[in-house]
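Have a look at the structure below, then the notes.
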């Protein structure tokens, strides 16, 4: 479907490249495939950890005019993103405090519906309250 | 504001992808839209809420909407429930 307006992009920052890629794949499919969901997982040499360069590249690619929501998996991913955002002036990027998989899926679906960055971030953070059973 | 409601019997389980399609479609309407399965009612615009229904094949599901485009929202979501739950996913 052609998009008349830009959608919020999503960046998933994980210590594991495979975890980030799997979560991005799942979120993108549940969201119907129209939203840019990018994985930034693992270190530059493919190990477990986070890479500021990978995150920076994903942030740049995910921006299509409506801003970017970033979801970190665990503590030091948050530190990596925060350090990066401190140096990014003028960028429309929000760091979400949300469960990784559920937040990614909720954010992507909300972005696919055309919601703005504030609403997409809210959808991700509301994922704390969603019961599975 | 006009309100609208319609029910459908699912022909398959409400898996992640149809739940996503439902929530994406619901999010495009101005109306407040809810989905009811059994005793639970959730916001149709919340994919996690819709998934949390755990709606299964053969279950009767009701879509309700309240707002300026309520009738269109209900028609769109009933159509998605009819199509998507046949495919699964």
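Each value in this text was obtained by applying a stated rule to the coordinates, not by laboratory testing. No experiment lies behind these values; they were computed from the predicted model shown. All Cβ positions, glycine included, derive from the backbone under ideal geometry; neighbour counts span all protein chains shown.
For chain B, the square roots of the Cα gyration tensor eigenvalues, ordered a ≥ b ≥ c, give a/c of at least 1.5 with a/b greater than b/c, which places it in the prolate category. Per residue of A:22-35, other chain Cβ atoms within 10 Å of the residue Cβ number 3 on average. Counting pairs of Cα atoms in region B:40-89, how many percent are more than 15 Å apart? The calculated P(r) of region B:40-89 puts 49 percent of pairs beyond 15 Å. Work out the FRET efficiency for residue A:43 and residue B:30 from their Cβ-Cβ distance, taking R0 = 41 Å, and round it to the nearest 0.05. Working from the Cβ atoms, E equals 0.35.
Each stretch of four or more DSSP H residues adds -39500 (n - 2.57); spread over every residue of chain A, this sum gives -14000 deg cm²/dmol at 222 nm.
Spread over its residues, the convex hull of the C-alpha atoms of the protein assembly as shown is 118 Å³ per residue. For region A:20-133, the share of alpha carbon pairs falling in successive 10 Å distance bins from zero is 15, 49, 32, 4, 0 percent. Report D for region A:76-133 in µm² per second (integer): Stokes-Einstein, Kirkwood Rh on Cα pairs, 4 °C, 1.567 mPa s. Approximately 106 µm²/s, per Stokes-Einstein. The packing ranking, built from the mean of other Cβ atoms within 10 Å per residue, places the peptides A:95-102, A:6-13 in the order A:6-13, A:95-102, highest first. Secondary-structure-derived ellipticity at 222 nm for chain B, considering helices only, amounts to -12500 deg cm²/dmol, per-run term -39500 (n - 2.57) for DSSP H runs with n ≥ 4.
Between residue A:57 and residue A:129, the C-beta separation translates, for a Förster distance of 45 Å, into a calculated FRET efficiency of about 0.85. Across bins of 5 angstrom width beginning at 0, how are the C-alpha pair distances of region B:1-47 distributed, in whole percent? Final binned percentages: 5, 18, 28, 31, 14, 3, 1. Among A:131, B:17, A:18, a tally of other beta-carbon atoms within 10 Å of each Cβ gives an order, fewest to most, of A:131, A:18, B:17. In the distance distribution for region A:5-87, Cα-Cα pairs more than 22 Å apart total 18 percent. The label point for residue B:62 and the one for residue B:13, both projected 7 Å from the Cα toward the Cβ, are 2.6 nm apart.
Residues in region A:77-106, backbone N under 18 Å from the label point at residue B:40 (7 Å along the Cα-to-beta-carbon vector): list them, ranges by number please. Answer for this model: A:102-103, A:105-106. Would you order A:122, A:54, B:45, A:132 from fewest to most other beta-carbon atoms within 10 Å of each residue's own beta-carbon? Least to most surrounded, the residues fall as A:132, A:122, A:54, B:45.
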